Structures are given as C-alpha cells and as structure tokens.
1. Compute the length gained on full extension between A31 and E104: take 0.36 nm times their separation in residues and subtract their Cα-Cα distance, giving the result in nm to one decimal.
2. As I understand it, the dipole of the chain uses +1 on the Cβ of Lys and Arg and -1 on the Cβ of Asp and Glu, about the Cα centre. Which of S77, G196, Y61 lies farthest toward its positive end?
3. Using R₀ = 45 Å, calculate the FRET efficiency as 1/(1 + (r/R₀)^6) where r is the Cβ-Cβ separation of R60 and R297; round to 0.05.
4. Please give the net charge around Q229, taking every other residue with its beta carbon less than 9 angstrom from that of Q229, where Lys and Arg add +1 and Asp and Glu add -1.
5. Stokes-Einstein at 37 °C, 0.692 mPa s, Kirkwood radius from Cα pairs: D for segment 248-313 in µm² s⁻¹?
6. Using only DSSP helix segments of four residues or longer, with each worth -39500 (n - 2.57), what per-residue ellipticity at 222 nm results for the chain after dividing by its residue count and rounding to 500?
7. What do you get for the angle between helix 239-267 and the principal long axis of the chain? Use alpha-carbon atoms, 0 to 90 degrees, nearest ten.
8. Does anyone have the angle between helix 221-234 and the longest principal axis of the chain? Alpha-carbon axes, 0 to 90°, nearest 10?
Amino acid sequence: MPRAQFSLIVPTLNEAGNLPALLARTTEALAGARVPYEVLIVDDGSTDGTAALAEQLQARYPHVRVLRRASSERGLSPSVVEGWAAAQGEWLGVMDADLQHPPELLPRLVEALQTDEADVVVASRYTATGERLRWNLVRRWISRGASNLAQTVLPPQACEVTDPMSGYFALRRRVIHDVRLQPRGYKILLEVLSRGRYRRVREVPYQFGRRLTGQSKLGAHVMWDYLQQLWRLACRPTGFGRFLRYCLIGASGVGVNLGVLWALREADVLGKLRAPAVAIECAILSNFLWNELWTFRDRAREARGWGQRAQRLASFNLICAAGAALHLSLVWALALRLGWPYMATNVLAIMVVTVWNYGLNTTWTWTQAAAAPARKTPA
Ligand code: GDD
Ligand code: MN
C-alpha cells in the first residue's frame, strides 16, 4: 500500500455501535478524494470492545489502523496528539466517531490542503449555511459565548474562524511540527490555532448532526477544562498579553517611585531634587527586574548570561530615560505652549510614552532574536 498522504485520526471511547457505519462512510468518502490515506482509530481503553471491533474491521478496510492507548492520561486531545505522532501523512485530520461530523465532507477538507488554499482547514458549524441543528437556546448560547471568548486568545490569522472549538479539521503537519501543544480537555483546535505555525485558515460549513448511537462524553468538567485552557493561552507572553504585563509592571513602578520618595522625605536625606531622581531610578530597576522575570521571561531565558543581562539593563534604562524626556517635552509643548489641561496632558503623555517605551524595549532590549529562531514561513 502506498504511504498515506492524508492521516485521519478518529479518537474513540465506547463507540463500537458507530464503527461499522463510520468506516463504511469514511472509506467511501476518502476513496473519492484520490489521495493515499489512512484512518487511525485511537482508542482509550473502551469497555465496549471498540478496539477489538476496529481490528476485526481491518480485514474489510485495509486503510484502517488501530492504536490502543496505553498512557494513563486519558482524554480526547492527548489521543489526537498521540495519533498525529503515529500518523504517516503530511496532512493530518481529526473527526469524531459518532457521525456528528459527516465523513462526506472529508474530500473538501483534503482539497483545501491539496490545492494549497490553506494550512489549516476547519469544518465549521456556524458559517452561513452550517446550521446548528436542534440545539436548545441555552446550549447555543453557551457555545457561542465560548467561541467569542476563544477569539480573545487567537492570533490575527485566526480571527475569522467562526468555530474555533470544532472537533473536525485538518492541517499540514508542519503547522504543529516542534510546537509544544498542551493537550488537555477537548479543545485541541484552539491549541493548534493559538500555538501553531500557519498563515491561512479556511472554513468549510457543515451541519452538526445527531449522534448515531452511544452517548456524549462531554460533561460539566469540560467547561472548567476549557476555561483553564483559555487562561493558559491568555497568559502566554505574546502579543497583547505581553503588553498588558508591561503595563501592570509600569503601574507597580509608580508605586515603587512614590514609596521610595516618601521614605527619603521621611528620613530627610538627599535634597528635593536628588530624592525624586533616586526614586525614579529605583522604579526603573524594579520594573526591569519584573519585566525580566515575567513580561519577557521567555526571551530573557534564551540569553541569560550576566553580560547580556547587564546590556539589557543599560538598554532599558536608556529607553526609559528617553521616554521621560519625551514625557516632559509633551507636557511642555502641549500644556505649557498650547494650553492643554495640565493633568489630562500628563495622563496622555504617560500613555504615549508607555507605548513608545514598550515598542523600543520589545525590539531593542528584549529582542526577538534572543528568543526562538524566527518562525519559518511556510513555503
Ligand atoms: N480516545 C478518546 N479518549 N476519545 C474520546 C474521549 C477520550 O477520553 N472522549 C471522547 N472521545 C471521542 C468520542 O468517542 C467521539 O468520537 C469524540 O471523541 C467526540 O466525543 P463526544 O463525546 O461525542 O463529544 P461531543 O459530541 O459532545 O463534542 C464534540 O463537539 C464539541 C463542540 O461542541 C467534539 O467534536 C468536540 O471536540 C467539540 O469541541
Ligand atoms: Mn459527539
């Protein structure tokens, strides 16, 4: 048999009743796609004989492989990741076993990869024609709310995806090559879209059907798992999350500044001009420390020599000093010259300088080059 180009992962937990119809429809659909393929049933110790039945059915469907998971950590997402690791294909797909995902859609998913339209192709329940079937209002509302929340952690290329929680999708292997996915819970696509390396995403609408037989394994804990996953993704020090951290540290620096100033005044040391200068420097040092340990932890870790740290400290100090000069210039020009309100102008100056400092510090102090090698753009 030729080496598979497309590997479809089907995670199973007690799906024996669905297997015959699933394999019949899936193999027929994939035969129409005209690419060498394999179907990988990844079973998590089903107690209804799913794995054994799948192995029996291999006689009729030679493209089917069965993976019995031995790992103690059960779960849908870890099963998918394990399936991808064992798969032959350069194109990887995932589909549920209960036929809520119509296998007849597979050729279109494969086609989107084949014609190079997309790096990730998602079968979506929400696009114009993909109706949500027979869902009650509450489930629809929860599902839509969860999707909206998910948008906040996704990179710009994925913002158009209407169904980032879909369990039915396909991708090029290089999208996840060397990417550290944290497969917990159900939402493996969310991990892929947040951490993967891709440029183009396409969506194919479909109708989410009813389960053929058996029951859903989605319980109450799934919602909790999901929120934890979102939290983990939101806490990654990238993009807007990093900027938020930077702002928080900046705000803490104001506290440090005022505290030191107060202490110096109380002790009555240093003069009225030297005390604030020392307070400012203390705030800068404190900000540097926290940015090094938190905001830019990932980049600092990659260049942790003392010389490199000292260089970053000098660069940060310089940029902050330049920022202070910019702040004073703004106040002078806008408030003193043009007569803008004094306090409001100061607030504005703080905002401008924060963005300005952040821009310079991300490019010069904690450089990207010091972190992971720049992302390979897909050829
Ligand atoms: N290996 C393995 N291990 N498979 C599992 C496990 C597990 O712990 N839990 C569930 N599965 C399999 C099921 O056998 C089925 O093939 C598929 O994963 C989906 O499980 P369901 O229990 O049918 O999930 P669902 O229909 O409620 O959820 C579907 O829709 C969600 C969106 O609402 C899934 O596609 C989810 O991925 C999707 O997010
Ligand atoms: Mn299901």
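Just so you know, all these numbers are worked out from the coordinates, no wet-lab data involved. Model, not experiment: these values are computed from the prediction. Neighbour counts run over all protein chains shown; Cβ positions are idealised from the backbone, glycine included.
1. Working: separation 73, 0.36 × 73 = 26.28 nm, distance 1.07 nm.
Net length gain for the segment: 25.2 nm.
2. Farthest along the dipole direction, towards plus: G196.
3. On the way: r = 53 Å, r/R0 = 1.19.
Rounded to the nearest 0.05, the efficiency is 0.25.
4. Values: positive: R184, K187, R232; negative: E191, D225.
That works out to +1.
5. Working: Rh = 12.9 Å.
Value of D from the Cα-based Kirkwood radius: 255 µm²/s.
6. Values: 13 runs with 180 residues, N = 379.
Mean residue ellipticity at 222 nm (helix-derived): -15500 deg cm²/dmol.
7. 30 degrees
8. Helix 221-234 and the main axis of the chain meet at about 40 degrees.
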